[in-house]
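We did not get these values from a lab; they are worked out from the coordinates using the rules stated. Keep in mind it's a predicted model, so treat the numbers as computed, not measured. Cβ placement follows ideal geometry from the backbone for every residue including glycine, while neighbour counts extend to all protein chains displayed.
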Amino acid sequence: MAFSTSTQSRFWPTVVRLLVLTAGASLTMPAVALEKSVLWYEQPGEEWTEALPLGNGRLGAMVFGTPGQERLQLNEESLWAGEPTEVYPKDFGQNLEQVRRLVLDGKIAEAQKLGATTLTESPTSFRSYEPLADLWIDVEHGDDAVTDYRRELDLQTGVARVSYRVGNVRYLREVLISAVDDVLAVRLSVDTPGRLLAKVRLTRAKDMTVTTVGRDRLHMDGQIVDIAAPEAYDANPGGSGAPGPHMKFAGRLLARAADGQIASQGDSLVIEGATEVVLLFTAATDYNLDKMNFDRTIQPGRVADAILDRAERKAWSELLDNHVAEHRGWFDRVSIDLGSSENGSLPT
């Protein structure tokens, strides 16, 4: 597929609500829609820092916007490797006093030796936050050139869009993450009936399996299995905590089409002959905030199923309206005007 465009400048996308919270000059209540609140680009994001961020505080996504193969990198706020660990020795206070006495007595070497064995953390580091998965949308539209490409994030509505033409067909993707309905929602559409052909799949580097359920659902289930040094590339002996199976997680995806057909194929969903398709996705883990630990009574798959079942009852228009109203309730509280310049008409 040919793709003609100018060179994209590097940028770090700013989280939508952070713009509101950090605005610090000439704050006024907006009287009209903020026409200048759109980040837009004439090419896809090639790197993670060039993707457009969406999130509701629990779920997150980075939208890359490649025409033939959309990638949405997904996050869930509680998905961490490792497990809670008491890192300080039980007799820390008593040992600290002894180390101090040795220092005051001039026995520095003894103090260092005692401190290294009784005052230091073990493990010496903790494990990392983990990405949830990648949602891929492979769109088949031949080898014709892509034209009229635009990728944007409307900060006022919290909706990302990717639009372009291939031949005489205009393709549009709209993406949001709703705090009201707690789902990622993607609307794929074309302006020529029946010309949408796509494959939808979920991938993760490890610790996860994907299965199809019926003709229109993907179930992702996993458990993070932490490995020990040196296999984990940890330079500190005992660092990063104990190995083993730790946090459990699950993701649920549903596809629904206004027309055409949806079918399962291996671990993917295939869409043929459609004009409009809506994808809904959500996820959960077995982390219990009250316990600040895993809770094996929590079944992430059931939690995600319940969220998706509620969202499934709503049309795209209702999901969109719910999301925009909630988002603008925060965003529209203030605006900031820094004036205008001739650069205002250039891509972000």
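Projecting the Cα atoms of G214, Q112, F331 onto the dipole axis of the chain, where Lys and Arg carry +1 and Asp and Glu carry -1 at the beta carbon, places Q112 farthest toward the positive end. I'd like the FRET efficiency for E326 and T117, computed as 1/(1 + (r/R0)^6) with the beta carbon distance as r and R0 of 56 Å, rounded to 0.05. Taking R0 as 56 Å, the efficiency between E326 and T117 is 0.60. Protection proxy ranking of 50-63, 332-345, by the mean of other Cβ atoms within 10 Å over each peptide's residues and highest first, is 50-63, 332-345. For the pair V38 and T297, the difference between a 0.36 nm per residue extended length and the Cα-Cα distance amounts to 88.9 nm. Computed about its Cα centre, the charge dipole of the range 109-216 is approximately 180 debye, with only Lys, Arg, Asp and Glu carrying charge at their Cβ.
Which of rounded, prolate or oblate describes the range 51-204 when judged by the alpha-carbon gyration tensor and an a/c cut-off of 1.5? Note, shape of the range 51-204 comes out prolate. Distance from the alpha carbon centroid of the range 187-227 to that of the range 53-99 works out to 24 angstrom. Estimated from helical segments only, the mean residue ellipticity of the chain at 222 nm is -5500 deg cm²/dmol, where each DSSP H run of four or more residues counts as -39500 (n - 2.57). Here the residues S128, S268, ranked from fewest to most Cβ neighbours within 10 Å of their Cβ, fall in the order S128, S268.
Taking every C-alpha pair closer than 8 Å and separated by at least 6 residues, the mean separation divided by the residue count of the range 73-191 gives a relative contact order of 20 percent. Sorting F281, F126, F92 by the number of Cβ atoms found within 10 Å of their own Cβ, with the fewest placed first, yields F92, F126, F281. Residues whose amide H comes within less than 5 Å of that of T157, counting only those at least five positions distant or on another chain, are absent (H built at 1.01 Å from N in the peptide plane).
Computed extension gain for R101 through V225, at 0.36 nm per residue and net of the alpha carbon distance, reaches 40.3 nm. In percent, rounded to a whole number, the relative contact order of the chain is 19, using alpha-carbon pairs under 8 Å and six or more apart. Against the chain, whose longest principal axis comes from its Cα atoms, helix 300-312 is set at around 30 degrees.
Each residue, F126 and S317, gets one label point 7 Å from its Cα in the Cβ direction; the gap between the two is 4.7 nm. Taking a Cβ cut-off of under 11 Å around T203, the surrounding Lys, Arg, Asp and Glu residues balance to a net charge of +2, with basic ones at +1 and acidic ones at -1. Proximity of backbone amide H atoms, modeled 1.01 Å from N, is registered between Q43 and R151 at under 5 Å, excluding neighbours fewer than 5 places apart on the same chain.
Helix 92-104: angle to the longest alpha-carbon principal axis of the chain, degrees 0 to 90, nearest 10? Value to nearest ten degrees: 60.
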